[in-house]
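The values are calculated or read from the model by the stated rules, or taken from the named source; none is laboratory data. Since this is a predicted model, take the numbers as computed values, not measurements. Positions of Cβ are backbone-derived with ideal geometry, glycine not excepted, and every protein chain shown enters the neighbour counts. The protein model used for the area step is the full one, side chains on, heavy atoms only, and it has no ligands, DNA or RNA in it. Shrake-Rupley method; radii C 1.70, N 1.55, O 1.52, S 1.80 Å.
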Amino acid sequence: WRDRHPEFFTLAQRKLANIAAPRILSYGCSTGEEVFTLARYIPHARIDGLDINPRSIGIAQRAVEAGDVDRIHFACASAPPERVATYDAIFCLSVLRHGRLDHEQIEDCSHILPFSRFAEVIEALDRTLKPGGLLFLWGSNFRFADTETAKNYSHIPTPDKPAQPGLFYGP
């Protein structure tokens with residue numbers, strides 16, 4: 001739904017305010033609510049929304065066409081784009097998870113969602129992020145800190161955002 005993480009959107013708004021035309025990626029954008037929220041918070045940004053579900057992308061695309069918004073683009077994809085250093089901010093919220101893991105709370109998740117898959121997506125997102133860019137991760141079944149990529153990042157506290165609930169698995 002729209003505006004579901006206002007703490008993250010406000011932080012991005014503040015951090016991207018001095019960039020003339022920031023590029024943002026919403027990875028796992030579903031039907032576009034996150035993208036449309038970001039467009040409201042950061043009206044000078046160009047925003048790409050990617051999702052694996054063609055039906056969701058169709059709904060999002062129709063909403064863009066109805067609103068005649070030329071700075072928002074949607075595409076169907078199962079992996080982050082190959083473009084290097086393209087985005088000033090990437091949002092990956094409630095994407096790198098599997099509902100079955102929360103429901104069943106099993107000991108080992110490797111047969112459902114292996115850590116290696118999580119780490120591969122994080123590495124791919126990292127490649128598309130510009131140096132000094134913002135990577136927003138939330139709602140994952142794994143800890144970003146357990147990835148090799150994490151050593152290249154600094155944590156930005158978001159004091160108004162409560163700790164992420166749910167079960168975490170290690171690498």
Practice item. Can you run down the residue pairs with Cβ atoms below 9 Å, 6 or more apart or on separate chains, where the first is in segment 58-85 and over 24 Å from L129 (Cβ atoms) and touching a residue at least 60 places away in the same chain (Cβ under 8 Å) and the partner is open to solvent by 40 Å² or more (accessible area, probe 1.4 Å) and of a type outside the set (D, E, K, R)? Key: none
Practice item. Evaluate segment 67-83: report whether one residue or more is assigned to a loop (DSSP other than H, G, I, E, B), open to solvent by 60 Å² or more (accessible area, probe 1.4 Å) and of a type outside the set (D, E, K, R). Key: yes
Point to revise | Residue that is least open to solvent (accessible area, probe 1.4 Å), among those in segment 146-171 that are of a type in the set (F, W, Y) and without any contact (Cβ under 8 Å) to a residue 60 or more places away in the chain | key: Y153
Exercise for review: Answer yes or no as to whether A17 is within 27 Å of P157 (Cβ to Cβ), part of a loop (DSSP other than H, G, I, E, B), small (G, A, S) and open to solvent by 10 Å² or more (accessible area, probe 1.4 Å).
Suggested key: yes
Check your understanding: Based on what the data block shows, is L101 surrounded by 13 or more Cβ atoms within 10 Å (Cβ to Cβ), part of a loop (DSSP other than H, G, I, E, B) and either under 17 Å from the mean Cα position of the chain (by Cα) or among the aliphatic types (A, V, I, L, M) (or both)?
Key -> no
**Study point:** Filter result for Y41 (under 16 Å from G133 (Cα atoms) and aromatic (F, W, Y))
**Key:** no
Exercise for review: Go over the candidates S94, S116, S140 one by one and state the one that is out of contact with any helix residue (DSSP H, G or I) (no Cβ under 6 Å at 6 or more places or on another chain), more than 29 Å from Y41 (Cα to Cα) and modelled with pLDDT of 90 or more.
Suggested key: S116
Check your understanding: Can you tell me which residues in segment 1-14 are crowded, with 17+ Cβ neighbours inside 10 Å and part of a loop (DSSP other than H, G, I, E, B)?
Key -> H5
